[in-house]
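Colleague: Okay, here's the structure, questions in a sec.
Please treat every number below as a calculation from the coordinates, not as lab data. Everything numeric here is computed off the predicted structure, so don't read it as measured data. Cβ coordinates were reconstructed from backbone atoms using ideal geometry, including for glycine residues, and neighbour counts include every protein chain displayed.
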Amino acid sequence: MSKIKEAPEKEYTAEEIAAAQAQRTEFYNSNLPVLRLQKEYEELLALIEESRLRRLNAIMRYAQLTTPPEEKEEKPERKLKN
């Protein structure tokens, strides 16, 4: 089996670390409005789906309450052989 060679870790300067953090912060800040809008969209979709489910459950309950019970068919009794 061949071993995977690990790349030596680079030593970063304080300036490089600060620049990377600033880039990351800018990236997150630029995406927040989009993510907030997506969150609102997803929450509204979930609310719509919950409302649909409640409506369908109410329809099903109403149908069950208004449907007369089914008549049971009498089955002839089986005789057991001894």
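Colleague: Please give, to one decimal in nm, the separation of the simple spin-label points placed at Ile48 and Glu11, each 7 Å out from Cα toward the Cβ.
Modeller: The two pseudo-label positions are separated by 5.7 nm.
Colleague: Most fluctuating residue of Glu50, Glu71, Glu40 in a GNM of the chain with Cα springs under 10 Å: which is it?
Modeller: The residue with the greatest mean-square fluctuation here is Glu71.
Colleague: State, to one decimal in nm, how far the label point of Gln21 lies from the label point of Glu74, with both points 7 Å from Cα in the Cβ direction.
Modeller: 8.7 nm
Colleague: Residue by residue through region 29-40, what is 3J(HN,Hα) from phi via Karplus (6.51 cos²θ - 1.76 cosθ + 1.60, θ = phi - 60°)? Round to whole Hz and write x for glycine and proline.
Modeller: With the stated coefficients, region 29-40 comes to 5, 6, 8, 4, x, 5, 5, 5, 5, 5, 4, 4 Hz.
Colleague: With a cap of 16 neighbouring Cβ atoms within 10 Å, and only residues DSSP puts in a loop, list the chymotrypsin sites (Phe, Trp or Tyr not before Pro) found in the chain.
Modeller: Of the chymotrypsin sites (Phe, Trp or Tyr not before Pro), the ones in loops of the chain whose Cβ has at most 16 other Cβ atoms within 10 Å are Tyr12.
Colleague: Read through the labelled values [x] 19.9; [y] 10.5; [z] 8.3 and report the label of the one computed as mean projected area of the Cα convex hull in nm² from the structure.
Modeller: [x]
Colleague: Now, a different point. Once you list every other residue whose beta carbon is under 14 Å from the beta carbon of Glu43, what net charge do they have if Lys and Arg are +1 and Asp and Glu are -1?
Modeller: Taking every other residue near Glu43 into account, the sum is -2.
Colleague: Related question: Under 18 Å from a point placed 7 Å out from the Cα of Met60 along the Cα-to-Cβ direction: which residues of region 17-51 have their backbone N that close?
Modeller: 48-51
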